[in-house]
Each structure stands twice: as C-alpha cells, then as structure tokens.
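J.: Handing you a structure now.
Read the figures in this text as sums done on the coordinates, not as results from a lab. Quantities reported herein were computed from a predicted structural model and do not represent experimental measurements. Every residue, glycine among them, receives a Cβ derived from its backbone with ideal geometry; neighbour counts consider all protein chains shown.
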Amino acid sequence: LAKTTQPISMDSYEGQEVNITCSHNNIATNDYITWYQQFPSQGPRFIIQGYKTKVTNEVASLFIPADRKSSTLSLPRVSLSDTAVYYCLVGEVESNTGKLIFGQGTTLQVKP
Amino acid sequence: GAVVSQHPSWVICKSGTSVKIECRSLDFQATTMFWYRQFPKQSLMLMATSNEGSKATYEQGVEKDKFLINHASLTLSTLTVTSAHPEDSSFYICSARTKSYGYTFGSGTRLTVV
C-alpha cells in the first residue's frame with residue numbers, strides 16, 4: 001500500500017476555497033486515490049475518489065497530475081461545518097486484502 | 001447507499017468486564033468487515049479484518065484473545081473487548097466494503113473503562 005503524506009493541519013476562513021495536497025510518490029498503476037472526511041466522534045465519510053486528471057462531485061474536486069504522485073482535494077467556499085479531519089488514501093479498489101490503511105490526515109479548521 | 005449501523009454509540013464499563021460492540025450492514029451483505037480503533041487526536045488504526053464464517057485476521061500487535069471478533073452472518077460482525085482495562089478506552093469504528101459503494105463506516109463506539 002502506497003504511503004501518503006499530508007499537512008497535519010490547515011486553517012481557512014468561511015467562504016474561501018481550500019486545497020489540501022497529498023503526496024503519494026509510490027503509487028502503483030492499479031491504485032486509486034480516495035479522500036475521506038471525519039468529524040469528531042464519528043466514522044469517516046467518503047468524499048471523492050479518482051484515478052487521474054480531475055474528478056468533481058457535489059462537495060469537492062480532486063485534481064491528479066499526470067504522474068499521479070500527488071493529488072489535491074479542493075473544497076469550494078468552505079463553511080464552519082467543513083471543520084474536520086481529511087484523509088487521503090491510496091490503494092487498489094478491488095485489492096485482495098481489501099484493507100484501508102489511514103495516514104495521519106489533515107485537520108482543517110475553518111474560522112468565521 | 002450502503003449503511004453500516006454500529007451500536008452502542010457509547011459505553012462505560014468497569015475494569016475487568018467485557019463489552020460487545022455490534023456492527024450491522026443494513027441494506028447489503030458484507031462478507032468482509034473491518035474494525036478500527038482511534039485514540040484522541042490520532043488516526044484510525046486497523047485492528048482486524050472480519051470474514052463471514054471464518055476466523056478474523058488480526059493486525060500485528062493486536063491481541064486476538066482480548067479483542068474477540070465474530071462474523072456469524074452476512075450482516076453482523078461483533079467485537080468483544082474482554083477483561084477491559086482503562087487503556088482499552090478508545091473510539092472503535094467498523095467498516096464494510098461493497099462493490100457498489102466502496103467502503104462504508106459505522107458511526108463509531110466510544111468505550112470508556114473505569
């Protein structure tokens with residue numbers, strides 16, 4: 001499983017766009033990149049998943065450069081309720097082990 | 001979408017007693033479930049993989065005799081913390097994987113051992 005590196009914490013203000021970058025230099029050909037969000041005392045919640053280029057859904061965008069050694073989660077116009085820990089995970093969607101190994105995550109603090 | 005229900009959401013128990021945490025897949029069958037624990041300000045740590053009808057696979061360093069996992073049906077996995085001690089106090093989270101919805105997590109169980 002590819003190791004990921006994210007900033008430990010980030011601060012932002014309401015209404016701003018937030019970009020969280022994740023490094024995964026050892027990503028394998030079959031690996032996908034998935035981001036989860038976790039609020040205190042809750043289980044993680046799926047945000048977005050991608051393999052290459054750009055993926056967008058109703059809550060976020062995921063930008064993946066051609067070499068796939070990094071990815072950027074973009075949250076448009078954050079609100080106070082976006083304060084949470086964000087995890088970047090890299091792995092095969094249909095791997096035999098099926099295990100999800102979490103890295104340290106990025107704690108995003110949105111201020112008024 | 002796929003929903004995983006976890007109960008109880010919090011539990012307080014006395015040192016030396018056992019506590020059971022349930023994890024149910026509500027609208028899908030989960031042949032494999034995963035159990036994590038999370039200490040304050042830390043990331044999730046995978047404890048074990050629970051397979052329906054067979055023994056669980058534990059991660060290195062996790063005591064299988066202390067954390068008993070039973071996956072007797074396609075919709076239910078249980079984690080029993082036996083002879084709990086204060087150091088077992090943590091946030092326990094289960095997860096299941098589906099082909100259609102990827103990984104879905106339960107809401108977690110806050111265990112406090114006093």
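J.: Please report the relative contact order for chain A, taking Cα pairs under 8 Å with a sequence separation of at least 6, and give it as a percent rounded to a whole number.
T.: Values: 281 pairs, mean separation 41.7, N = 112.
Relative contact order here is 37 percent.
J.: Express the relative contact order of chain B as a whole percentage, based on alpha carbon pairs under 8 Å and six or more residues apart in sequence. Could you put the intermediate results ahead of the total?
T.: Details: 291 pairs, mean separation 42.4, N = 114.
37 percent.
J.: What does the charge dipole of the range B:1-82 about its Cα centre add up to, to the nearest 20 debye, if the Cβ of each Lys and Arg holds +1 and the Cβ of each Asp and Glu holds -1? Before the final figure, lay out each step's value.
T.: Numbers: 8 positive and 6 negative charges, 54 e Å.
Here the range B:1-82 has a charge dipole of around 260 debye.
J.: Most mobile of A:82, A:31, A:11 per a Gaussian network model of chain A (Cα springs, under 10 Å)?
T.: Highest fluctuation among the options: A:11.
J.: Let me ask something else. Enter the mean number of other protein chain beta carbons within 10 Å of the beta carbon of each residue in A:39-51, as an integer. Please report the intermediate quantities before stating the final value.
T.: Working: counts 0, 3, 8, 7, 15, 10, 2, 6, 0, 0, 1, 0, 0.
If you average over the peptide's residues, the count of other-chain Cβ atoms is 4.
J.: Can you pick out the pairs among B:41/B:66; A:111/B:41; A:3/B:20 whose Cα atoms lie more than 21 Å from each other?
T.: Values: B:41/B:66 24 Å; A:111/B:41 19 Å; A:3/B:20 33 Å.
Over 21 Å apart, Cα to Cα: B:41/B:66; A:3/B:20.
J.: Treating only the Cβ atoms of Lys and Arg (+1) and Asp and Glu (-1) as charged, compute the dipole magnitude of the range A:17-81 about its Cα centre; round to the nearest 20 debye. Each step should come with its number before you reach the end.
T.: Values: 6 positive and 4 negative charges, 10 e Å.
The calculated dipole for the range A:17-81 is roughly 40 debye.
J.: Next up: Which lysines, on any chain, are close to residue A:54 with Cα under 18 Å apart, when same-chain ones fewer than 8 places away are left out?
T.: Result set, ordered by chain and number: A:69.
J.: With the cut-off at 1.5 for a/c, could you classify the protein assembly as shown from its C-alpha gyration tensor as rounded, prolate or oblate?
T.: Details: a/c = 1.99, a/b = 1.49, b/c = 1.33.
It is prolate, given that a/c is not under 1.5 and a/b is the larger ratio.
J.: Using per-residue counts of other Cβ atoms within 10 Å, averaged over each peptide, order A:38-46, B:53-61, A:55-63 from highest down.
T.: Going by the mean number of other Cβ atoms within 10 Å, highest first, we get A:38-46, A:55-63, B:53-61.
J.: Note the per residue figure in Å³ for the convex hull of the C-alpha positions in chain B.
T.: For chain B, the hull spanned by Cα atoms encloses 94 Å³ per residue.
J.: Specify the residue with the greatest mean-square fluctuation among A:101, A:27, A:64, computed from a Gaussian network of chain A linking alpha-carbon atoms under 10 Å apart.
T.: A:101
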